[in-house]
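Heads up: the structure comes next, in structure tokens.
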Amino acid sequence: MEADEYNKKRDFRKTPEPAGMPEPKRAKDPRFVVQEHQSSTRHFDLRLERDGVLQSWAVPKGIPQTKGVRNLAIRTEDHPLEYADFEGTIPEGEYGAGEVKIWDHGFYEPLEWGEDKIEVMLKGNRISGVYVLVRYKKAGGNDWLLLKARE
Ligand code: MN
């Protein structure tokens with residue numbers, strides 16, 4: 001309730017202030033976070049809470065806001081749940097050196113969770129809607145595609 005009033009007054013694409021966490025739809029809804037990461041190449045890290053960890057993808061072009069846009073998402077190592085709250089600067093010489101900021105966070109509802117396809121309803125402040133991650137088989141390895149399927 002309080003977060004809603006705070007969030008409504010602000011455009012988080014324009015203000016550097018943090019967005020308030022929306023209320024979960026159900027108490028058991030898992031969390032998601034998108035962190036903007038200014039490392040050697042700027043990218044966004046999408047992390048979905050699943051089986052006690054944050055399953056993670058690095059998305060160089062960011063989370064698509066328009067239906068049908070497909071962005072490359074590179075599967076990276078699982079991160080601990082605590083990482084969802086991390087903001088700060090990773091020092092020079094360390095893995096992923098650079099600044100990490102929370103770009104959006106919230107809850108999601110898993111609609112489908114398979115080996116090659118994951119479909120989730122994201123409920124954040126900047127992004128909301130149904131998103132699909134599909135393994136990009138032609139590229140092989142850790143490459144996936146992330147697209148916005150519908151509002
Ligand atoms: Mn990263």
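Summary of values
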| item | result |
| --- | --- |
| Estimated distance in nm for a label pair at residue 109 and residue 12, the labels positioned 7 Å out from Cα along Cα-to-Cβ | 1.9 nm |
| Equivalent-ellipsoid semi-axes of the stretch 1-80, from the Cα gyration tensor, Å, largest first | 23, 19, 13 |
| Mean projection area, nm², convex hull over Cα of the chain | 9.4 nm² |
| Members of 28/61; 117/137; 9/67; 67/123 lying beyond 21 Å, as alpha-carbon distances in this model show | 28/61; 9/67 |
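Taken together, the values in this text are just the output of simple stated rules run on the coordinates, not laboratory data. These figures come from a predicted structure and were not determined experimentally. With ideal geometry, Cβ positions are generated from the backbone for all residues, glycine too; neighbour counts draw on all protein chains shown.
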